[in-house]
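Structure, as structure tokens:
The values are calculated or read from the model by the stated rules, or taken from the named source; none is laboratory data. Small disclaimer: the values here were computed from a predicted structure and weren't measured. No Cβ is skipped: glycine too gets one built from the backbone with ideal geometry, and neighbour counts run over all protein chains shown. Only protein heavy atoms, including side chains, enter the accessible area calculation; ligands, DNA and RNA are left aside. Shrake-Rupley method; radii C 1.70, N 1.55, O 1.52, S 1.80 Å.
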Amino acid sequence: MLIAALITLVPVLIVILGVSALFSAGETSLTAASRGRMHQLERDGDKAAKRVNKLLTNQEKMIGAILLLQNVLNIGAAAIATISIDRAIPGPWGAAISTGVMTVLVLVFAEVLPKTLAIMRPEDTARFMSRPVMWIVIAFGPVINAVQWFVRAVLGLFGVKLSMAVDVLAAHEEIRGAVEYHHDEGAVQIDDRNMFRGVLDLAELDVSQIMVHRKQIDMIDADLTTAEIIEAALSFSHTRLPLYKDNTENIIGVLHARDLMAAVARSRGDVNSVDVMAIIREPWFIPDTTNLKDQLAAFLKKKSHFALVVDEYGALQGLVTLEDILEEIVGEIDDEHDAVLTSLRKQADGSIHVDGDMPIRDLNRAMDWDLPDDNAVSVAGLVIHEARTIPEPGQTFIFYGRKFQIMRKQRNQIMAIRISPV
């Protein structure tokens, strides 16, 4: 009698558990599939990817429909097995045997096995299962809507409000996490990771964090003679130079080296006939709170690569260029006219010597560190912020797992710092 029951039971269980396994794989693959890849496939005309994206727009409803079907199938399979075995082995032993057998079968063949296979190739599995899952969502849609309404009503009694319009993770943080994960796995190189980081950080950084400080700006006195202005312009490596009158706070224009050379060429060698004031360009002032994403868009719209940064009182703080913003993405961009600066010097004992004005972001990129740059822009600023004082040469501070020793100081400015492991 037991054999007859098994002959009848086995084909039924194979069909039921097989369907349950398929939708179990569908659930796992649809939630694990790369949304970026699915969107790209949809743009390329893949209809299956389009269905996947449509299902993911209401992920709660999709998962609810699949779970509803799986529960019906798994509970139905358990009930059929219990009835069949109970006829052959009546009493508690039959129920115990059917419970144990069905637990193993559902766990292995309807859950673990299909989910493991699906996670290995989530995109392909999701595209294959998109059509049957879509049918299930349509069929069980009204039931799932009722369940969702009931769940929200119950949670609302406890003050929990759910909204499908709010994502669990912001898009930027999701991308950042994916990049960091693949970098840790070795699939993304450190330079590529830094570029991704740079792009994502543009909206979070202000121009004040990357600008050239006013003390480091190469300027030209507008009261100099034309010959002296030309000589000064040629002595600098930059092509755009601010002109000031009376004091360095009073910027009256920006001299472009190309405009200057064109004017000199037109003068046929008579440099004193060149009217410098007629060829300078109007300075562009921007607030120091402008974020890099907005400033990049402004550079592109205005078709200008140079802006002067002022604070809330209108006082000059520094300057920022299109190249400065691009360097936040791709790293330092040097050409044949740039001076070679060694802001970071590695030592044989494992320590490093850095200039105090070296940006923390540049140090993090060079050493693959994660020093915070929320409260300070430069390494010297970080030391002063943590020390809560302006340190003297020879003083040593330990924070963030590293030892910072002041090597050289000029007036109140820290010029050089030695950083070593604790």
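Here the accessible area of the stretch 43-155 is 72 percent carbon and sulfur, with a 1.4 angstrom probe and all protein chains present. Over the C-alpha atoms of the stretch 93-245, the Rg to Rh ratio, Rh being the Kirkwood estimate, stands at 1.32.
A full extension of the chain between Arg402 and Arg258 corresponds to an added length of 47.2 nm, given 0.36 nm per residue minus the alpha carbon distance. Here the stretch 272-374 has 50 percent of its accessible surface on carbon and sulfur atoms, given a 1.4 Å probe and all protein chains in place.
The mean accessible area for residues of the chain, using a 1.4 Å probe and ignoring ligands and nucleic acids, is 59 Å² per residue.
Close amide-amide hydrogen proximity is noted between Lys403 and Ser420, Val422, each under 5 Å apart and 5 or more residues distant or on a separate chain (H modeled in the peptide plane; Pro and chain starts excluded).
Stretching Asn291 away from Glu332 to a fully extended chain increases their span by 12.8 nm, per 0.36 nm per residue minus the current alpha-carbon distance.
Remark on Gln317: its backbone amide H falls under 5 Å from those of Val309, Val310, Asp311, a criterion applied only to residues 5 or more positions apart or on other chains, H modelled at 1.01 Å from N.
Between Asn375 and Trp93, what is the FRET efficiency for a Förster distance of 56 Å, r being their Cβ-Cβ separation, to the nearest 0.05?
On the way: r = 71 Å, r/R0 = 1.26.
After rounding, the FRET efficiency stands at 0.20.
With a Förster radius of 45 Å, plug the Cβ-Cβ distance of Leu234 and Arg35 into 1/(1 + (r/R0)^6) and report the FRET value to the nearest 0.05. If you can, show how the numbers build up before the last one.
Details: r = 54 Å, r/R0 = 1.20.
Step by step, r from the Cβ atoms, then E = 0.25.
For the stretch 281-422, the fraction of C-alpha pairs more than 28 angstrom apart is 29%.
Estimated from helices alone, the mean residue ellipticity of the chain at 222 nm is -17000 deg cm²/dmol (sum of -39500 (n - 2.57) over DSSP H runs with n ≥ 4, per residue). Taking θ as phi - 60° and the Karplus parameters 6.51, -1.76 and 1.60, the scalar couplings of the stretch 283-295 work out to x, 10, 9, 10, x, 6, 8, 5, 7, 5, 5, 5, 5 Hz in sequence order, x denoting glycine and proline. Considering only beta bridges that DSSP places wholly inside the stretch 212-331, some 75 percent are antiparallel.
Heavy-atom accessible area for Asp46, with the other protein chains in place and a 1.4 Å probe, reaches approximately 30 Å².
For the stretch 362-401 and the stretch 114-161, compute the distance between their C-alpha centroids and round to whole Å. Here the two parts' Cα centres lie 49 Å apart.
Positive end of the dipole of the chain, charges at C-beta (+1 Lys, Arg; -1 Asp, Glu), about the Cα centre: which of Asn375, Tyr244, Gln59 has its Cα farthest in that direction? After comparing all options, I get Gln59.
Close amide H contacts of Ile252 (hydrogens built in the peptide plane, cut-off under 5 Å, sequence separation of 5 or more or a different chain): Leu243, Tyr244, Lys245.
Each residue, Ala387 and Glu204, gets one label point 7 Å from its Cα in the Cβ direction; the gap between the two is 2.8 nm.
Sorting Ser130, Ser208 by solvent-accessible area of protein heavy atoms yields Ser208, Ser130, largest first, with a 1.4 Å probe. Here the stretch 25-74 and the stretch 273-338 have alpha carbon centers that stand 47 Å from each other.
Using the Karplus relation 6.51 cos²θ - 1.76 cosθ + 1.60 with θ = phi - 60°, the per-residue 3J(HN,Hα) values for the stretch 10-19 come to 4, x, 5, 5, 4, 5, 5, 5, x, 5 Hz, with x marking Gly and Pro. Quick one: if the Förster radius is 22 Å, what FRET efficiency do Leu113 and Leu56 give, using the C-beta to C-beta distance and rounding to 0.05? Calculated value: 0.35. Note on surface exposure: Asp44, Asp324 rank Asp44, Asp324 by accessible area, highest first, 1.4 Å probe. Couplings for the stretch 343-350, taken from phi via the Karplus curve 6.51 cos²θ - 1.76 cosθ + 1.60 with θ = phi - 60°, read 6, 10, 10, 7, 10, 5, 7, x Hz in order; Gly and Pro are left as x. Histogrammed with a bin width of 20 Å, the alpha carbon distances of the chain distribute as 18, 33, 26, 16, 5, 1 percent, first bin at zero.
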